[in-house]
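S.K.: Okay, handing you the structure first.
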Amino acid sequence: MRGPPLSWLEGSYMTLRPASSRPQNIYSYVTEVSWSGEANHLVFRELARTDKDYAQSGSVAVPHQSGHIYFVTNKHGQHRLMLLSRHVMSGELHGLLLTLQQGRGTLLQPIAMPVALIPIARLKQAPVLGTISEAHHGYERLRGFLDKTLADGFALMLGERRP
């Protein structure tokens, strides 16, 4: 039996986040959200990533208490989390991605970054995918989506302080 009506969340999204290697660049790929009858809940999977070995998939939770949306990957006990708010009018999802980044040598470091998921059906043109530098003609438009995450209060990041 299908759970609460969450069809408004199902679909394909252009996912935008800072590029791990060069944060001024934007990394873009497709995230697809769909209902899994087998699991009896929403699931997500990442597509069209240039780094296919790191593509994620997992569960989607929409708890009533917070009104936020959780995309959770649990692969061999290693978790990755996207915690998202929904822009009601546009259907955009904005929030934070918490994951591990390749550090020096074999070291993995925790990292948090803003993330935006834009419904592909609402785009006026095909999504731009891959790594997008400041020289790309669509960079400013895409940067605007990503910057909205923190600028419009969809998520907060406390300042970094080092000794």
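Please treat every number below as a calculation from the coordinates, not as lab data. Since we're looking at a predicted model, the values are computed, not measured. Here Cβ is always computed from backbone atoms with ideal geometry, including for glycine, and neighbour counts include all displayed protein chains.
S.K.: When the helices in the chain are scored as -39500 (n - 2.57) per DSSP H run of 4 or longer and the sum is shared across all residues, what 222 nm value do you end up with, to the nearest 500 deg cm²/dmol?
M.R.: After summing the helix terms and dividing by the residues of the chain, the value is -2500 deg cm²/dmol.
S.K.: Would you work out the charge dipole size for the chain about its Cα centre, treating the Cβ of every Lys and Arg as +1 and the Cβ of every Asp and Glu as -1, and quote it to the nearest 20 debye?
M.R.: 220 debye
S.K.: Next up: Where does region 7-151 land on Rg/Rh, using Cα atoms and the Kirkwood Rh?
M.R.: Rg divided by Rh gives 0.95.
S.K.: Can you give the FRET efficiency to the nearest 0.05 for R104 and S7, using r as the Cβ-Cβ distance and R₀ = 45 Å?
M.R.: So the FRET efficiency works out to roughly 0.50.
S.K.: Here is a further query. How would you rank W8, W35, going from fewest to most other Cβ atoms within 10 Å of each one's own Cβ?
M.R.: By the 10 Å Cβ count, ascending: W8, W35.
S.K.: Considering only S28, L107, A135, whose Cα is most displaced toward the positive end of the charge dipole of region 1-136, charges sitting on Cβ of Lys, Arg (+1) and Asp, Glu (-1)?
M.R.: With unit charges placed on the Cβ atoms, the residue in question is L107.
S.K.: What longest range of the chain stays clear of loop-exposed trypsin sites (Lys or Arg not before Pro) (DSSP non-H/G/I/E/B, at most 11 other C-beta within 10 angstrom)?
M.R.: Answer from the scan: 3-103.
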